[in-house]
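What follows is a short report on a single structure.
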Amino acid sequence: MMNRLGNRLGSLAVGASQLTLARPVTRWNPHRYPSWRPSRGIHTHLRTIHTGRSVLGEVPFLLPDVGEGIQTVQIMEWLVKEGDTVTMGDDVCNVQSDKSAVTISVPYDGVVSKLMYEVDDTAVKDKPLMIIDVDGEEGSAVTTPVEETPPISTPPTGTGKDGRILKEDVMNFTQVVSGGKLLATPAVRGMAREEGVDLRTVRGTGEGGRILKEDLLDYIAATPPLYISKTTLSPQPPIHALPEDEVVPIRGIKAVMVRTMTASGQIPQFGYCDEVDMGQLVQLRSSLKDRLLEKGVKFSYMPLILKALSLALLEYPMLNAHVDQECTTITYKADHNIGIAMDTPDGLIVPNVKRVQTKSVFEIAVELNRLQELGMLGKLPPADIVGGTFSLSNIGAVGGTYAKPMILPPEVAIGAFGKVQVLPRFDQSDDLVRAHVMQVSWSADHRVIDGATIARFSNLWKSLLENPASMILDLK
Ligand code: CO6
């Protein structure tokens, strides 16, 4: 794990001593995240239009809304070529926006007659991405992309407490694909893609031959010799000396990092470092860890670190703020949406735990588990990635002590902490003790934050971590 993290971080590092964070980067396929998702207007909805006459023939497939107000994306990779036959739901290209990497799927069955862009071109929302010669029968209905305001479509039934939608509900949620073709949920399609299974070879036992998650799992279990999971393949690049110089375009995640960190570099930032005695917190965590594990929740230092951060931010709202590009206004953010630098198979991304100020330590742990799990599956939706108000990087999960993190604009501060190490220290009686020490490095926007503010804030956060019992008074 550490090697893999190291490799990935190595490939993302901008400078040996600098920490950099790419702004939200994830892989998002709209079909994986059905349109019931409540709060964001990010999904293009497909509406079936009955024209009452033949609408066969060449139909432009317009670049759908990839969300977050994004108007243009860069074409990273075509997954089809002209002349290919496509089925509704097939992935046709990977695009990259400033906020995320997105896989686009087609809403029609047909033959690709023209690709409107080359790789690296900038594609424009609502303009033709490709032309598809649409299959169908005279008088049949054609699904035409029409933008609508979500959420309109039927949500999955929540089986959790008070009807809450659980992960399983989403996995079982069935979106019927019209046209009597292959029927499967976006989740099942996504899983099949992940696992390299051609769904046409799977027998569906659901209504109308719909392929259920169980069908796919049974298929995978029944065909071990033929089935090789992509994740088990995950080849490591061979280590070899280059025979000659190689010029490689900077694309995708790295291109996003170029833009984000170039913007960050425009911000005058100062650093402030300290070390925290984590002795009591190490004990507290170890006394709670197993009990939470019994409930299926992994409990690391992070939930306590986040809670302490949020409590400190309550006293220093100036640090939980956004500034506009010209730095003429500052917006004190009501919610503490704490971003966590996270290593995922898609690269380094920074999902955030929303409204930490309202959450118990247990709830934060559950949420972190969820984000980590989705991150590892490459399934973090933009909703989990946007809206951060303060960021943290647990560089200590990989190694090291001090760092120099760079702010993710429009945020005004970021913290990175190193590994918890057992080191000799003097206690208050001047006795040499074995201490659990963790270093922290803050960076703040010096246009709006001064050193004393960060120092006081850091002192408060540190005191909460050094005396975790003191947090109890403020816990909700
Ligand atoms: N010290 C000591 N032990 C640690 C630490 C530190 N800092 N961090 C994690 N751990 C321990 C943790 O307590 C777990 O212990 P056990 O339960 O006893 O096994 C174990 O390591 C694994 O923890 P895990 O990493 O799974 O969970 P955690 O909640 O601590 O971290 C995470 C979650 C999302 C931060 C982590 O999974 C991850 O992705 N870490 C990589 C972070 C990363 O890539 N940061 C970017 C650094 S580079 O900042 C950077 C700006 C850019 C370039």
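The values are calculated or read from the model by the stated rules, or taken from the named source; none is laboratory data. Only a predicted model underlies this, so the values are computations on that prediction, with no experimental measurement involved. Quick reminder, even Gly has a Cβ in these numbers, built from the backbone with ideal geometry, and neighbours come from all protein chains shown.
In table form, for the structure just shown:
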| item | result |
| --- | --- |
| Answer from 306, 293, 288, 374 - the residue that is surrounded by fewer than 21 Cβ atoms within 10 Å (Cβ to Cβ), within 14 Å of the ligand (Cβ to nearest atom), under 29 Å from residue 262 (Cα atoms) and of a type outside the set (Phe, Trp, Tyr) | 374 |
| Failed criterion for residue 276 (all others in (1) assigned to a helix (DSSP H, G or I); (2) of a type in the set (A, V, I, L, M); (3) touching a residue at least 40 places away in the same chain (Cβ under 8 Å) hold) | (1) |
| Within the range 309-332, tally of residues that are surrounded by fewer than 21 Cβ atoms within 10 Å (Cβ to Cβ) and in contact with a strand residue (DSSP E or B) (Cβ under 6 Å, 6 or more places away or on another chain) | 6 |
| Single condition residue 83 does not satisfy, out of (1) over 23 Å from the mean Cα position of the chain (by Cα); (2) at negative phi; (3) modelled with pLDDT of 85 or more | (2) |
| Test: residue in the range 384-401 that is more than 22 Å from residue 277 (Cα to Cα), in contact with a helix residue (DSSP H, G or I) (Cβ under 8 Å, 6 or more places away or on another chain) and modelled with pLDDT of 95 or more | yes |
| Residue identified as among the polar types (S, T, N, Q) and either in contact with a helix residue (DSSP H, G or I) (Cβ under 6 Å, 6 or more places away or on another chain) or within 14 Å of the ligand (Cβ to nearest atom) (or both) among 463, 458, 443 | 443 |
| The range 456-466 - residue that is surrounded by 13 or more Cβ atoms within 10 Å (Cβ to Cβ) and of a type outside the set (Phe, Trp, Tyr) and, of those, farthest from residue 281 (Cα to Cα) | 456 |
| Number of positions in the range 330-360 that are closer than 21 Å to residue 299 by Cα and outside any strand (DSSP E or B) | 12 |
| Test: residue in the range 240-263 that is modelled with pLDDT of 90 or more and outside any loop (DSSP other than H, G, I, E, B) | yes |
| The listed residue being farther than 27 Å from residue 367 by Cα and touching a Leu at 6+ places or on another chain (Cβ under 9 Å), out of 302, 261 | 261 |
| Residue satisfying condition, being small (Gly, Ala, Ser) and at pLDDT 85 or above, within set 110, 160 | 110 |
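Residues are listed down the side, and each one gets a yes or a no for (1) modelled with pLDDT of 95 or more; (2) within 10 Å of the ligand (Cβ to nearest atom); (3) among the acidic types (Asp, Glu):
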| site | (1), (2), (3) |
| --- | --- |
| 380 | no, no, no |
| 403 | yes, yes, no |
| 407 | yes, no, no |
| 411 | yes, no, yes |
| 420 | yes, yes, no |
| 425 | yes, no, no |
| 435 | yes, no, no |
